[in-house]
1. Sort out which residues of segment 53-92 are under 20 Å from residue 170 (Cα atoms) and either over 35 Å from the mean Cα position of the chain (by Cα) or outside the structural domain of residue 24 (by TED's automatic domain parsing) (or both), and write them in order of number.
2. Going through segment 210-241 one residue at a time, which ones are modelled with pLDDT of 95 or more and among the aliphatic types (A, V, I, L, M)?
3. From the list 35, 81, pick out the single residue that is closer than 30 Å to residue 165 by Cβ and surrounded by fewer than 13 Cβ atoms within 10 Å (Cβ to Cβ).
4. Could you go through segment 161-178 and let me know if any residue there is of a type in the set (S, T, N, Q), at pLDDT 95 or above and assigned by TED's automatic domain parsing to the domain that holds residue 43.
5. I need the helices (runs of 4 or more DSSP H) fully contained in segment 264-360, keeping only those with at least 3 residues that are in contact (Cβ under 8 Å) with a residue 24 or more places away in the chain and of a type outside the set (A, V, I, L, M, F, W, C).
6. So is residue 268 out of contact with any Asp or Glu (no Cβ under 6 Å at 6 or more places or on another chain) and surrounded by fewer than 21 Cβ atoms within 10 Å (Cβ to Cβ) or not?
7. Name the residues in segment 93-149 that are of a type in the set (Ser, Thr, Tyr) and over 24 Å from residue 208 (Cβ atoms), would you?
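The values are calculated or read from the model by the stated rules, or taken from the named source; none is laboratory data. What you see is a predicted model; the values in this text were computed from it and never measured. Note that we place each Cβ from the backbone using ideal geometry, even for glycine, and neighbour counts take in every protein chain shown.
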Amino acid sequence: MIVRSGTENRLEVHRRVRAGELRRIARGIYTANLDDPIEEVVRRHLWDAVAAVEPGAVVSYRSALTLQPSEEGTVEVEGMDRIVELPGVVIRGAGGPSALQGDTPLPGGIYRASDARLALRNLATSRTSKHGRRTISEEALEEWLDGRIRAMGEDYPRRLIEEAEALALPLGATEELEKLRALVGRVAGTRDERALSPSGRARAAGEPLDMERVTQFQWLASELRKSPVALEQVDLADSVSFRNAAFLDAYFSNYIEGTEFEVEEAEGIVFGGDRPVTRPQDSHDLLASYEILSSRREMLLVGAADQADYRDFEETLRERHTTLMRGRPEMLPGEFKELGNRVGGYSFVDPGEVRGTLRAGYEILRSLSAPLDRALFTAFFIAEVHPFTDGNGRMSRLTMSARLLSSGGQRSLVPTSLRTDYLLALRALSNRHSVEPMRSVIARGQAILKELPLRDLRASIEKLREMRAFDERPYDGSLSAGNARRAGRGSSSPSRPGGRAP
């Protein structure tokens, strides 16, 4: 709690200070928190502290974008023209008018600059001082604009310019208005000048991307480069072993998604021509997965190879998805999703940003050299983009198998016993915690396959039973075992367009 001392309460504040009920933060500013470090108190009640320094101030410039102090600990405000140093925070005034139309109230009676105001202010000329720069770069402002278009709709740039035109004179920002028109034109693709940011260039080219996901992919690639893992080469000449491994791969990959056949029943569907009358689509899913995974040509296709360009990659994804989902025409086989998809509260890339995000992710993938890490990266970035209405988890895993096989390695099973670990490993990557859980899952899946007498499918199944590979383990996280399957990245249902996780 922050208390400001003024004419009306000065005696009461002084009494409470003498009684040990308040302690001083700065001249005329006090807190009732007597225990925590004073810097933490100021940061925790930042806007109350700003309001105590200057009632009616407008948080502006770079601070209006993040509502956080800069790296230097500075908060930029308008409506005052002095610098006030508090413990852990510097409040730097830039003069300028107090609240204008569109500015948003914050706690304590201060305001946050409107989008138009903050855009104009961040295009002002700014010098670096010991308190840092007032403004962000134009490249960062392009990224901000791209994010606002995603959130507010394609008409947002027009509305932003109209609001900025109304503010330019009150703010004395006519030069900045022209800069804003140029920036919006670059990002919208209506000017010849090239955008500065990757997200701006992608939107200008008609392929907007999810910059948050791209940053996530950049993090993953950076982590993988720190300690690349060698891929053990294996002999894949034996066609019987290749076929049986493909069957187990298809069986477990579908089981993760809820297509749960007993393994003997699945064997009859794939090799015996059995077709359960009550589950024709599930049978098609299993057969289609096996068809792709058992095809040497498909697993070594150029779209899965290191030298492929993005067009090859996308074409391969679409062709595989067409095969995979041919039993479910309502899921638009081979077509990118038209509605957003999510699992629980976790939303994937918006439909309009799928191609741009896939392209950006693929370019990051090509910067990796270790084949196993390329396989891991591919599996994750397909799962995270979730480009199709359904079948994304299976697409992720079969593409990983293709990358492993095309590099001369062995595929990696994700049996039922590893499903929990697989889901937790995906979560670790999504939260940018660690790559090691997913590396461990891939290595364990390869080790399981290596232990199997793959020339004999029945013997391999019995060996898997001995290894308890068909057993489910409780989901060791915030989800129960009963809904662990629904936490997988592959089982998703369409949501309203634009739905995103908070």
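1. From segment 53-92, those under 20 Å from residue 170 (Cα atoms) are 56-62, 64, 76-81; that's our starting set.
Residues satisfying the conditions are 56, 79, 80, 81.
2. 220, 221, 224, 240
3. Details: 35 fails: closer than 30 Å to residue 165 by Cβ.
Answer to the selection: 81.
4. At the first step, the residues of segment 161-178 found to be of a type in the set (S, T, N, Q) are 174.
From the residues that got through so far, the ones that are at pLDDT 95 or above too are 174.
Okay, now just the ones that are also assigned by TED's automatic domain parsing to the domain that holds residue 43, so none.
So far as segment 161-178 goes, no, none of its residues is of a type in the set (S, T, N, Q), at pLDDT 95 or above and assigned by TED's automatic domain parsing to the domain that holds residue 43.
5. On the way: elements: 280-293, 296-299, 310-324.
Once the helices (runs of 4 or more DSSP H) in segment 264-360 are filtered for at least 3 residues that are in contact (Cβ under 8 Å) with a residue 24 or more places away in the chain and of a type outside the set (A, V, I, L, M, F, W, C), what remains is 280-293, 310-324.
6. On the way: out of contact with any Asp or Glu (no Cβ under 6 Å at 6 or more places or on another chain): no; surrounded by fewer than 21 Cβ atoms within 10 Å (Cβ to Cβ): yes.
So residue 268 does not fit the description; no.
7. In the first step, residues of segment 93-149 are kept if they are of a type in the set (Ser, Thr, Tyr); the result is 98, 104, 111, 114, 125-126, 128-129, 135, 137.
98, 104, 111, 125, 126, 128, 129, 135 - these are the residues of segment 93-149 that are of a type in the set (Ser, Thr, Tyr) and over 24 Å from residue 208 (Cβ atoms).
Let's see how each residue does on (1) within 17 Å of the chain's Cα centre (by Cα); (2) assigned to a helix (DSSP H, G or I); (3) under 25 Å from residue 373 (Cα atoms); (4) not assigned by TED's automatic domain parsing to the domain that holds residue 399:
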site: 193; (1), (2), (3), (4): no, no, no, yes
site: 196; (1), (2), (3), (4): no, no, no, yes
site: 212; (1), (2), (3), (4): yes, yes, yes, yes
site: 215; (1), (2), (3), (4): yes, yes, yes, yes
site: 223; (1), (2), (3), (4): yes, yes, yes, yes
site: 228; (1), (2), (3), (4): no, no, yes, yes
site: 233; (1), (2), (3), (4): no, no, yes, yes
site: 242; (1), (2), (3), (4): no, yes, yes, no
site: 246; (1), (2), (3), (4): no, yes, yes, no
